[in-house]
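I have placed the structure first, in the form of structure tokens, so that the comments after it can refer back to it.
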There are 2 protein chains.
Amino acid sequence: MASKKRNVIVGQSGGPTSVINSSLAGVYKNAIERGFDKVYGMLHGVQGLLDEQYVDMSTQIHSDLDIELLKRTPSAFLGSCRYKLPEIHENMEIYDRIFEILDKLEIDSFIYIGGNDSMDTIRKLSDYAIVKGHKQKFLGVPKTIDNDLALTDHTPGFGSAAKYIAASTKEVIRDALGLTYKKEMITVMEIMGRNAGWLTGAAALAKTEECEGPDLIYLPEIAFDVDDFLAKVKELLQKKSSIVIAVSEGIKLADGRYVCELSGGGDYVDAFGHKQLQGTAAYLAGFLGAEIGCKTRSVEFSTLQRSASHMASRVDIEEAFMVGGAAVKAADEGYNGNMVVIDRVSDDPYMSSAGIYDVHRIANEEKLVPREWVNKEGNYVTKDFIDYVKPLIQGDYQPIMVNGLPRHLVLDMKKK
Amino acid sequence: MASKKRNVIVGQSGGPTSVINSSLAGVYKNAIERGFDKVYGMLHGVQGLLDEQYVDMSTQIHSDLDIELLKRTPSAFLGSCRYKLPEIHENMEIYDRIFEILDKLEIDSFIYIGGNDSMDTIRKLSDYAIVKGHKQKFLGVPKTIDNDLALTDHTPGFGSAAKYIAASTKEVIRDALGLTYKKEMITVMEIMGRNAGWLTGAAALAKTEECEGPDLIYLPEIAFDVDDFLAKVKELLQKKSSIVIAVSEGIKLADGRYVCELSGGGDYVDAFGHKQLQGTAAYLAGFLGAEIGCKTRSVEFSTLQRSASHMASRVDIEEAFMVGGAAVKAADEGYNGNMVVIDRVSDDPYMSSAGIYDVHRIANEEKLVPREWVNKEGNYVTKDFIDYVKPLIQGDYQPIMVNGLPRHLVLDMKKK
């Protein structure tokens, strides 16, 4: 047993964020510092691992500068996947195959960075390991811009997306104000978060000393009423000429239909016979333009809000790094079947630390914005919401610029 | 005459940019340094001036820090307008009204920051002044993200929008690569520039040592062929699983129809009976999804590309500041009816200086991307194009961050 290696394998799963690679950097750096022999990266998560797609991270990271670049690189350096393991009793072969590969690579600790589905993977693999007597430890590291994971105060990735949304909202509001003299204009911004309104609510942070912030904010947690909406916009237009509205991509009518589905109310077939659906903001901008007769426009933050690492929050990048390292520490100390979480120690000054929870308590719960953090009319977030998010967008991590553009660290398979 | 004041008035017109306020800062600072008595800002350009809407800039700028904030503030600080003066013979009263206001304010120099229409305003006002014996001088300062002004090497505003587009394209490409394992995904990005493809072509700058850049780029100067496009995408999918495509919002078919009009080929009426039109990228993403059957998505850089001052180019901000100052210098030296332009002195190392052109030679010509700067197939820009744009995105102007967000300088009418 003296020659047995102590290796770590780490993977990334689910939708990318600006800081998921900072967690990867935290895993790598902590594992090296703790004397683990090798750190492997699974390519495209468990799905790639099943195809024996992995890389020795020491072939990819050669210096502390590489670590810094990795912390500033958006999306999943190792590639992501959306792959849900079957229940153990449904397909044991897949589990045996995974453990065969882990044994071959002499893995001691398996770290998975992801959202709810990834924590489900950690739960199943740790359960299987215990039942079958495998010695590997399985630890989860949270990530999701949506901030909808339970038990952790917030998720890495959320703060940076919130910061990008707030900064871009300020810029959009300025743009709109410059253009409205003796004429009205309505801007509808569409923000990610199908079921949880954390990101859409973050548009409220644009309200600062020199910016009045968006006028209306609609979260997916609250049923959207088209008539109320129209009346509210008309009322605001009595007082001001530029209206800026933030809506979640997932806002729904009381009957459960998504607002974007309303655009399909007619016979939506294009010149080539394909059915087409519009986005929520584009639809609402068109709707308001037709009803009110003024200029309207829509802005979708789309993929940009989860990949704009050039606008990442320092708090977010450092917490993402911290939870990556904390997972390795926990594994090294013998924890298994746990997720690292972020505990808020203090609001002001803001302080946080890493905590540990059993994944059986965490998996597949969705944390929504509490009703009391939205105003009575359902069209803005409250001070409590803003106080919760504000610390998470603080501080910057200046991009490392090369020839005028942010430099990223990217996988080089020739070095594998 | 000893008590006669020597004042400057400055206005902003047309679509805002990230750096149009840096030109305003250049005008203000240079005018103060040259001993002009006051600098007035017209609110919402000539349109506001006609309503006697203006502000004494010394009530708004109190320190060098305010100048630095102004250089980093997107959109038009003074408010913009889209107002075209009538021909002189059509409505002399408007001209008399303007000169009455200018005389009242003891204006010596009138500086207008804008695009083609603004240079047309400068031409008309300087012609009228000469004919009527008014002593004011009229100078134009170029701006437009579209880079479609003739005679100037490029326009302030273009470099920063190009930098934002290139940086965001790198981030979108990373996001896409992280998500494509054993499945294909096509991303279509829509970029501003109705007739001129300068900004769309700038997506090619994302091609760097560690990023392969977009796969296809379609400019509005070249007729778009849907069949060729589909065939080319299918061909690329044989070789790679993530395809990223940049299209101008203004691409047109050979018969002159905009591509986005194809989305209206069916009976496009929403649930409330309104006709709705989709964007170009959303339409093409839907089209490719239906034809090929793989996942597609669209990203519109929309307003963000012209207002993202947090990603502005240092070269652009400094040139915008320079041409603002150069306009005041020119007026001070007796020039009238001229536009300041940017002359490229050297490519490598990049050097530029301000030049002066007669606005009669400039107004209302549209500078398009030359055919020889697009490849033969019409789906990418050439090295000449890239060499032209690259110097313009260099260097950064770090935002001044307050509570985690970029701080702007905004008009305070209480101080008027």
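Just so you know, all these numbers are worked out from the coordinates, no wet-lab data involved. Computed from a prediction, not measured in an experiment: that's the story for all the values here. Every residue, glycine among them, receives a Cβ derived from its backbone with ideal geometry; neighbour counts consider all protein chains shown.
Worth a mention:
- Filtering segment A:175-188 to residues that are surrounded by fewer than 24 Cβ atoms within 10 Å (Cβ to Cβ) and touching a helix residue (DSSP H, G or I) at 6+ places or on another chain (Cβ under 8 Å) leaves A:Tyr181, A:Lys182, A:Glu184, A:Met185.
- Checked across segment B:95-111, the condition of being within 30 Å of B:Gln305 (Cα to Cα) and among the β-branched types (Val, Ile, Thr) holds for at least one residue.
- Selection count, segment A:46-83, where residues are in a loop (DSSP other than H, G, I, E, B), surrounded by 14 or more Cβ atoms within 10 Å (Cβ to Cβ) and in contact (Cβ under 8 Å) with a residue 24 or more places away in the chain: 14
- When residues in segment A:358-416 are screened for being at the interface with another protein chain (Cβ under 10 Å from one of its Cβ atoms), within 30 Å of B:Ile386 (Cα to Cα) and of a type outside the set (Asp, Glu), 13 of them pass.
- For segment B:189-212, the set of residues classified as surrounded by fewer than 21 Cβ atoms within 10 Å (Cβ to Cβ) and either within 23 Å of the chain's Cα centre (by Cα) or within 22 Å of B:Thr17 (Cβ to Cβ) (or both) consists of B:Arg194, B:Asn195, B:Lys207, listed by residue number.
- Total residues in segment A:1-14 satisfying the condition of being part of a strand (DSSP E or B) and crowded, with 22+ Cβ neighbours inside 10 Å: the figure is 5.
- Of the helices (runs of 4 or more DSSP H) lying entirely inside segment B:275-341, those containing at least 2 residues that are at the interface with chain A (Cβ under 8 Å from one of its Cβ atoms) are B:280-292, B:304-307.
- Single match in A:Ile165, A:Ile145 (criterion: in contact with a strand residue (DSSP E or B) (Cβ under 7 Å, 6 or more places away or on another chain) and within 12 Å of another protein chain (Cβ to nearest Cβ)): A:Ile165
- Here A:Pro86 qualifies as closer than 23 Å to A:Met119 by Cα and more than 14 Å from every other protein chain (Cβ to nearest Cβ).
- Just so you know, in segment A:213-244 the residues that are part of a strand (DSSP E or B) and within 14 Å of chain B (Cβ to nearest Cβ) include one that is surrounded by the most Cβ atoms within 10 Å (Cβ to Cβ), and it is A:Val244.
- Flag for B:Gln53 being touching a Cys at 6+ places or on another chain (Cβ under 9 Å) and either of a type in the set (Ser, Thr, Tyr) or within 19 Å of B:Ile98 (Cβ to Cβ) (or both): no
- Number of residues in segment A:188-212 that are basic (Lys, Arg) and within 11 Å of another protein chain (Cβ to nearest Cβ): the value is 1.
- Looking across segment B:1-45, the residues that are within 14 Å of chain A (Cβ to nearest Cβ) and without any contact (Cβ under 8 Å) to a residue 40 or more places away in the chain come down to B:Gly41, B:Met42, B:His44.
- Qualifying position, being surrounded by 19 or more Cβ atoms within 10 Å (Cβ to Cβ) and among the aliphatic types (A, V, I, L, M), among B:Val345, B:Val359: B:Val359
- A single member of B:Phe77, B:Phe36, B:Phe99 is among the aromatic types (Phe, Trp, Tyr) and over 21 Å from B:Ala129 (Cβ atoms), and it is B:Phe77.
- Scanning segment A:28-45 for residues that are assigned to a helix (DSSP H, G or I) and of a type in the set (A, V, I, L, M, F, W, C) yields a total of 2.
- Each residue in segment A:15-27 was checked for being in a loop (DSSP other than H, G, I, E, B) and either surrounded by fewer than 24 Cβ atoms within 10 Å (Cβ to Cβ) or over 13 Å from the mean Cα position of the chain (by Cα) (or both), and 1 pass.
- Test: residue in segment A:96-109 that is among the hydroxyl-bearing types (Ser, Thr, Tyr), in contact (Cβ under 8 Å) with a residue 40 or more places away in the chain and either out of contact with any His (no Cβ under 9 Å at 6 or more places or on another chain) or more than 24 Å from B:Thr180 (Cα to Cα) (or both): yes
- A:Lys170 meets the conditions (1) touching a strand residue (DSSP E or B) at 6+ places or on another chain (Cβ under 6 Å); (2) part of a helix (DSSP H, G or I); (3) away from chain B (no Cβ under 14 Å) in every case but one. The failed one is (3).
- B:Ile113 vs. criteria assigned to a helix (DSSP H, G or I) and either buried (at least 20 other Cβ atoms within 10 Å of the Cβ) or under 31 Å from the mean Cα position of the chain (by Cα) (or both): no
- Residue tally, condition within 12 Å of B:Lys5 (Cβ to Cβ), in contact with a Phe, Trp or Tyr (Cβ under 8 Å, 6 or more places away or on another chain) and hydrophobic (A, V, I, L, M, F, W, C), over segment B:25-46: 1
- Hey, B:Ile111 in contact with a helix residue (DSSP H, G or I) (Cβ under 6 Å, 6 or more places away or on another chain) and of a type in the set (A, V, I, L, M) or not: yes
- In this structure, A:Pro391 does not satisfy being in contact (Cβ under 8 Å) with a residue 40 or more places away in the chain and in contact with a His (Cβ under 9 Å, 6 or more places away or on another chain).
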